[in-house]
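Beneath this line is the structure, given in structure tokens, with notes to follow.
The values are calculated or read from the model by the stated rules, or taken from the named source; none is laboratory data. Bear in mind that the values here come from a model prediction, so they are computed numbers and not experimental data. Methodologically, a virtual Cβ is constructed for each residue, glycine included, from the backbone with ideal geometry; neighbour enumeration extends over all protein chains shown. These area figures cover heavy atoms from the full protein model, side chains too; ligands, DNA and RNA do not enter into them. Shrake-Rupley method; radii C 1.70, N 1.55, O 1.52, S 1.80 Å.
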Amino acid sequence: MARAPYILVVCTANICRSPMAAGLLRHALAAQPEPLRSLDVISAGVSARSGDRVTEYSAAILKKVGIDISRHTSQPVTQALLDGAKAIFAMTESHRVMIQATASPVPRHLYLFREFMPGRVDREIPDPYGGPLSAYETARDEMVEALPSVVEFLKSIV
């Protein structure tokens, strides 16, 4: 059975940023008309191990906005995940470069999560891992700020 169309969100270990961004994007797409509403959103990490739990702070700050990612477990980026994704969104340029350097073929739709935001804004989302709760809140807020531009971009490719 073929997998439903999906968007892949990538960070380092797949326990902070990419699970948060995936949860937020999944929530945003659920409010859109078809075919966006039917897109799945999954996440992975360029240096992830399989099976690590999402960080407590990541789960807590999304729970505050009504999104439950507490059951998320990490997975590494694989060529199969890259090949099947409609689009891939990385948190930083270094994640994109790692994918470009190791993937064969390199995915056609590989972007930064904040790449489509208008104006002069920081396009990267710093890693909150090991930081205070406020660092996770800042990362979440930067993702939320980018969601409208990500959704608009997705409308152009699905």
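Brief remarks follow.
- Tabulated pairs, the range 33-59, first touching a residue at least 60 places away in the same chain (Cβ under 8 Å), second surrounded by 14 or more Cβ atoms within 10 Å (Cβ to Cβ) and aromatic (Phe, Trp, Tyr), C-beta under 8 angstrom, 6+ apart or interchain: LEU39/TYR6; THR55/TYR129; THR55/TYR136; TYR57/TYR136; SER58/TYR136
- Candidates are the residues of the range 73-87 that are part of a strand (DSSP E or B) and either farther than 22 Å from ALA59 by Cα or among the charged types (D, E, K, R) (or both); the one that is nearest to the chain's Cα centre (by Cα) is ALA87.
- MET117 part of a loop (DSSP other than H, G, I, E, B) and of a type in the set (A, V, I, L, M): yes
- One residue from ILE42, ILE7 being in contact with a Lys or Arg (Cβ under 7 Å, 6 or more places away or on another chain) and assigned to a strand (DSSP E or B): ILE7
- Looking only at residues of the range 50-71 that are open to solvent by 40 Å² or more (accessible area, probe 1.4 Å) and among the hydroxyl-bearing types (Ser, Thr, Tyr), we find that the one that is nearest to TYR129 (Cα to Cα) is TYR57.
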